[in-house]
Structures are given as structure tokens and as C-alpha cells.
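Presented below is the structure to which this report refers.
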Amino acid sequence: MRAAPLVEAGTFDLEPRERPTPGPSEVLVEVSDVGICGSDVHWYEHGEMGDRVVEDPLVLGHESAGTVVEVGADVDDHAVGDAVTIEPGVPCGECDHCRRGAYNLCRAVEFMATPGTDGAFREYVAWPAEYVYGLPASVAPREGALCEPISVGVHAVRRADVGMGDSVLVMGAGPIGLLAADVARAAGAANVAVVDVVESKLDRALDRGADLAIDSRETDVATAVRDEFGAGVDAAIEATGAPPAIESVLDAPGPDGTAVLVGLAPDAEVPVDTFELVRRQIDVRGSYRFANTYPTAISLLSSGAVDAAGIVDFELSLDRIGEAFERATGPDVVKGVISMG
């Protein structure tokens, strides 16, 4: 099979590898589509993330879908020919977090496209069947591959307790922000506002059904929110990691509202007005990856409640992966996809 590991910052190698053999509880998936995530781009540009460094060739890509071509001896819920999407994290299943269902917090998780665990920019992936999900005929593989960013949005919306009639602000009109806005609407939000600094992304948010688009370069977010929603929104979701956006999102909720932080800031410390958080009784919550979300993501795709295809700007083949990553760094680009076929 072919694989495209990152060998150093800015350099992929297209190489032949032995096709993997699935273990007893695994399935072998012939990969058809892989989304390019912002974290993949970070690995590509820097060769490191925090204290994790790419010292050995690493296959990136953790948003994937394909077709089952082989099943392990103990697998009875998948069959050859099934269209599937792959959840990229495999937790230990034994720690306190795993036992209570919050396996996204497992410290021993093996997550695709992080040092030690290859991702999906390769033609075949052997993966535990428990974390592989069938796709209905109504969901195209390219959309199914995006169950991963949809899941990030689902988890964030759940953490925000978005319900019927709520007003929601989403900071960032990238893939997570746009998909989280869709998920919030599906959860019952009556009004959704989206904030960004790129005009084309704000236009796309409006085209996708946002009620309000705010350019934070020109307008104070908290002021715009109060002009539109009175005291503030019921829930605000931060999906950029930019420190100014984090500060703004904490100002957006009204009294007794909720702010959920998804994006990771380049610096761990961001100034916070604790007086205002206390006075308005704001709940501030983190949202890390996702857990128990893939069935919901698939259902949202199947029903049309989430438009994953609408965030894809381009699709290129595996042998053009370097070109694809360079293109993915463009400020107007929301999502690129590698088509393996």
C-alpha cells in the first residue's frame, strides 16, 4: 500500500508500506477520504506540538472514512463491503474516566496522527472495530470522514447545554465553528451568531443559516451581542484558540450563561475579568475532543441537519498531499480533503 508520512516539518514522503493485517477485534479499512485538520497543518508547519516532536516519520490525518475489506475473527458487527467512518482515538478502557464514559479524558488514549500512532493518510488502516461506525447510504464517504470535526462540535454543544430557544455565539467560522453552529441549531438554538475576521468565512456562515455574522476587527463582540440579544447569549463557544477571541467569548454570555472553550491558545494564560464572571454568574467550561458522539454525528449527517460537504473547499489526491497542505494554510480555506481513490 501507499502511505504519506511527514518526515520533517514541511516535507512528506510518499512510500510503499506493507498492508496491515487486522487483529481478532479489528477491521481493515480501505481509506477513501481524509480531511485535513488544523492540527495536521500545525504538525506539517512546525514538526511539533507542545512537548511532542515528530522524531520518526508520522502519518498524519485523523478524519477518515472508507470501506471494510477484512474483518478480524472476533468481529461480528461489521462485514466486508461496509462503508464506515473511523473514530481516531482508542482509550485504555480501564481508567476512571473510561469507566464513567468520559474516555476523551483518558491519559493513555492512542490517537491517530500523534507521535507513536500513525494516522489515515495511507491506503489501509487496521483499527479496533469498536471505534469504527457504519455509514448509511445517504452519507457520502467524504462527509463521513468529517464525523470527527462534527463530533468536536457535538461535544462542545453538549458542554454548553444548548437547548430549545437558546441564543448561541460561535467564535470562529472555521470547520469546527461552522459545524458547531449547525449542531447548535439542531439542538434547538433559535438564534446563532458567528464571529470571525475573514469576510468570506462570515459570508459562508450567513449562507449556512447564521442569524448574525460579526467581524471582530470592526465591531466589539460583546456590544454586538447585546445589541442583538439584549443581556447576552445563553451560550458562547470559542473555536479558534486566539487569545482575543477567548477574552471576547467570556464577555458574550448573559447572566447565568455558559462559555465553552474548545480552541487551544498558543500561550496557556489569557487575561480574565473574574469580577464580571462572578457578577454575571457565568459557567466557563472546557471541551476536549469528544466521547460517545459518532452515532449522533452520523445521524445529523443523514438527516441533513449538518452540512459537512458545504465546508469543503478542495479535494486532492494522496500524491499531491504537499500541495494540499500548502493550500490548506490559506486564510480563506475552511477545509481540504485528500481523496485516496
TODO: Would you please name the GluC sites (Glu not before Pro) within segment 21-57 that are DSSP coil residues with at most 10 other C-beta atoms within 10 Å of their C-beta?
DONE: Glu55
- [ ] Could you tell me the largest-minus-smallest coordinate of the C-alpha atoms of segment 1-145 on each of the three principal axes, in descending order and whole angstroms?
- [x] 41, 38, 29
Task: Phi-based couplings in Hz for segment 48-65 (Karplus 6.51, -1.76, 1.60; Gly and Pro marked x) - done: 7, 8, x, 9, 9, 10, 7, 9, 10, x, 10, 7, 7, x, 10, 10, 9, 8
- [ ] Specify the angular offset, from 0 to 90 degrees and rounded to the nearest 10, of the alpha carbon long axis of helix 175-186 from the longest principal axis of the alpha carbons in the chain.
- [x] 70
TODO: At 1.4 Å probe size, with every protein chain present, just tell me what the per residue accessible area of the chain comes to in Å².
DONE: 43
Open item on the list: Using amide H atoms built in the peptide plane, which far-off residues or other-chain residues are under 5 Å from Glu110 H to H?
Closed with: Val90
- [ ] Could you list which residues have their amide H under 5 Å from that of Ser32, counting only those 5 or more apart in sequence or on another chain, with H placed in the peptide plane?
- [x] Ala65, Gly66, Thr67
Open item on the list: Loop-only GluC sites (Glu not before Pro) in segment 266-341, please: DSSP not H, G, I, E or B, and at most 16 other Cβ atoms within 10 Å.
Closed with: Glu269
Open item on the list: Considering only C-alpha atoms, what is the centroid distance from segment 59-101 to segment 120-150, in Å?
Closed with: 9
Task: Contour excess over end-to-end distance, with Cα ends at Val278 and Ala126 and 0.36 nm allotted per residue - done: 49.8 nm
TODO: Give a residue-ordered list of calculated ³J(HN,Hα) values for segment 167-172 (Karplus: 6.51 cos²θ - 1.76 cosθ + 1.60, θ = phi - 60°; whole Hz; x for Gly, Pro).
DONE: 9, 9, 10, 10, 8, x
Task: For Glu70, distant residues with modelled amide H under 5 Å away - done: Leu28
Task: Extension gain (nm, one decimal) between Thr67 and Glu323, 0.36 nm per residue minus Cα-Cα - done: 89.6 nm
Task: Tilt relative to the chain, helix 294-303 - C-alpha long axis, 0 to 90 degrees, to 10 - done: 80
Open item on the list: Under 10 Å, Cα contacts only: if you run a Gaussian network model on the chain, which one of Ala120, Ala305, Ala235 comes out with the highest mean-square fluctuation?
Closed with: Ala305
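The values are calculated or read from the model by the stated rules, or taken from the named source; none is laboratory data. Quick caveat, the model's predicted, so the values are computed rather than measured. In this analysis, Cβ positions are derived from the backbone assuming ideal geometry, glycine residues included, and neighbour counts consider all displayed protein chains. The protein model used for the area step is the full one, side chains on, heavy atoms only, and it has no ligands, DNA or RNA in it. Shrake-Rupley method; radii C 1.70, N 1.55, O 1.52, S 1.80 Å.
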